[in-house]
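The values are calculated or read from the model by the stated rules, or taken from the named source; none is laboratory data. All values derive from a computational prediction rather than experimental measurement. Reconstructed Cβ throughout: ideal geometry from the backbone, glycine too, with neighbour counts over all protein chains shown. Accessible surface areas use protein heavy atoms only, side chains included; no ligands, DNA or RNA. Shrake-Rupley method; radii C 1.70, N 1.55, O 1.52, S 1.80 Å.
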Amino acid sequence: TAYASLFGFFLLGGACIAIGLYFSSLTENQIIAAAATFFVLLMGYLMQDTIRLFTDSALTSFATFSCILLIGAGLYYFASRNKAISFGSFAFLEGLLLLCYLLTPELLAGLTKKLLNCFNLLFYRRDF
């Protein structure tokens, strides 16, 4: 088991280096790449405590996904400067989310915690 632990730490280090290389390829400034890498890795390590802040209710998931859609529409607008597509896609996806919340709220229950668990670096995965 000692060799398996060493191999696991080797793979974790490789994943951290890959995240750093990704941010380094996005920008020419090394300070920005280092800060972005540090922030993303810190959020990954602190995700377990962040998950505890959210409840399992469908309303929490609805609000979380509404914020994600709003941020995504804003980012698309700043990238393309196209108000029609940005607002139209936000309105359409928000309508689908609202319809899902009104018809089957149990589908959204606990979905925020499941989504955040995907980004948790310390989460023990039993489904492998």
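Would you mind checking the tilt of helix 83-103 against the longest principal axis of the Cα atoms of the chain, expressed as 0 to 90 degrees and rounded to 10?
On a 0 to 90 degree scale, this one is about 90.
Just the number please: accessible area per residue for segment 1-73, 1.4 Å probe, all protein chains included, in Å².
Counting only protein heavy atoms, the per-residue value for segment 1-73 is 73 Å².
What whole-number volume per residue, in cubic angstrom, does the convex hull of the C-alpha atoms of segment 65-120 give?
Given the Cα convex hull of segment 65-120, per-residue volume reads 71 Å³.
Just check segment 11-69 against the gyration tensor rule for me: Cα atoms, a ≥ b ≥ c as the square roots of the eigenvalues, rounded for a/c under 1.5, and otherwise prolate or oblate depending on whether a/b exceeds b/c.
Taking the square roots of the gyration eigenvalues as a ≥ b ≥ c, segment 11-69 is prolate.
Counting only protein heavy atoms and using a 1.4 Å probe, what share of the accessible area of segment 28-118 belongs to carbon plus sulfur, as a whole percent?
Carbon and sulfur together cover 75 percent of it.
Calculate for the chain the 222 nm mean residue ellipticity that helices alone would give, adding -39,500 (n - 2.57) per DSSP H run of length 4 or more and normalising by residue count, nearest 500 deg cm²/dmol.
-26500 deg cm²/dmol
Run the dipole for the chain about the Cα centre, Lys and Arg Cβ at +1, Asp and Glu Cβ at -1, nothing else charged, and hand back the magnitude in debye, nearest 20.
Dipole of the chain, to the nearest 20 debye: 40 debye.
Taking a point 7 angstrom from the Cα of E94 along the C-beta vector, which residues in segment 38-78 have backbone N less than 18 Å away?
Hits in segment 38-78 for E94 at 18 Å: 59-78.
Please report the base-10 log of the normalised intensity I(q)/I(0) for the chain, using a Debye sum with one equal scatterer per alpha carbon and no solvent, at each q in 0.10, 0.19, 0.23 (1/Å).
-0.49, -1.15, -1.22
Per-residue counts of other Cβ atoms within 10 Å, averaged by peptide: what ranking do you get for 4-17, 27-40, highest first?
27-40, 4-17
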